[in-house]
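Novice: Please see the structure below; I have some questions.
The values are calculated or read from the model by the stated rules, or taken from the named source; none is laboratory data. On a predicted model such as this, the values are computed, not experimentally measured, just so you know. All Cβ positions, even for glycine, are placed from backbone atoms using ideal geometry, and neighbour counts span all protein chains on display.
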Amino acid sequence: MSGFDIMDVIAPRGPVFSRVQSMASGGVGWRDLVPELGIAIIFGSGFGDLILPRDPSRVCAHWTTVPAGSDYLAASTSTLKMLHEQRRMRIEPNLDVGHLTKKIVWVSSHEPFKPCSCVEGAVVSEMRHLYPVQSLVTQKPWKALTRKPMTPVDIAGLCEEGAVIFGEMRRSTDAGGSNRWDRFLQVCRGNRD
């Protein structure tokens with residue numbers, strides 16, 4: 001994935017060249033959205049957690065911060081709604097429910113802000129924690145990628161406050177790839193590297 005170093009944007013010292021960031025290869029996902037929207041990517045480090053829950057007690061303890069090293073994208077719902085509205089009003093006026101563009105659909109196996117059972121006071125085993133990662137997929141193949149029922153998310157109906165985490169959707173029997181579950185269990189056990 002190519003983009004620009006934040007220091008080259010803030011205080012360039014000569015010509016500015018794009019940088020390339022290697023990411024784990026995956027299935028379809030948020031990386032497909034970037035070129036579709038024509039978004040410039042800015043790389044940086046040392047910022048800490050840029051998106052955090054206002055009230056961490058309302059979020060599963062395993063997801064109060066975005067796990068590092070998993071190539072997730074965290075995005076505020078206000079930003080997603082703004083992108084959706086601008087796209088719908090200016091470029092693609094007939095977008096269907098869930099579509100950020102004509103080619104990219106936001107789908108989920110559950111409501112985007114569904115709380116984990118542990119937040120509601122239930123004792124939850126490691127395998128029963130809610131996996132909150134959402135999926136951005138290309139329109140045509142997304143139903144073939146999963147055996148789990150997925151529904152397009154009504155972007156216009158989301159509240160302004162909040163944020164979601166997007167990941168890659170891989171072909172697998174468990175709708176997200178056994179690697180996804182292995183990684184989630186590592187997160188649950190505190191191995192966030």
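Novice: Is one or more of the residues making up the stretch 63-71 of a type in the set (Gly, Ala, Ser), closer than 16 Å to residue 164 by Cα and at pLDDT 85 or above?
Specialist: No: zero hits.
Novice: If you don't mind, there's one more thing I want to ask. Could you say which residue among 54, 19, 31 is over 16 Å from the mean Cα position of the chain (by Cα) and surrounded by 14 or more Cβ atoms within 10 Å (Cβ to Cβ)?
Specialist: Result: 19 is the single residue among 54, 19, 31 that is over 16 Å from the mean Cα position of the chain (by Cα) and surrounded by 14 or more Cβ atoms within 10 Å (Cβ to Cβ).
Novice: Moving on. On the basis of being out of contact with any Phe, Trp or Tyr (no Cβ under 8 Å at 6 or more places or on another chain) and at pLDDT below 85, does residue 89 make the cut?
Specialist: Yes: the conditions hold for residue 89.
Novice: Might you check whether a residue that is β-branched (Val, Ile, Thr) and modelled with pLDDT under 85 occurs anywhere in the stretch 132-142?
Specialist: Yes - at least one qualifying residue is present in the stretch 132-142.
Novice: Under the condition of being part of a strand (DSSP E or B) and of a type in the set (D, E, K, R), which residue from the stretch 1-37 is modelled with the highest pLDDT?
Specialist: The residue in question is 5.
Novice: Moving on to the next point. Of all the residues that make up the stretch 93-124, how many are surrounded by fewer than 14 Cβ atoms within 10 Å (Cβ to Cβ), without any contact (Cβ under 8 Å) to a residue 40 or more places away in the chain and more than 18 Å from residue 75 (Cβ to Cβ)?
Specialist: 6
Novice: With the structure loaded, tell me whether residue 36 is closer than 17 Å to residue 135 by Cβ and acidic (Asp, Glu) or whether it fails that test.
Specialist: yes
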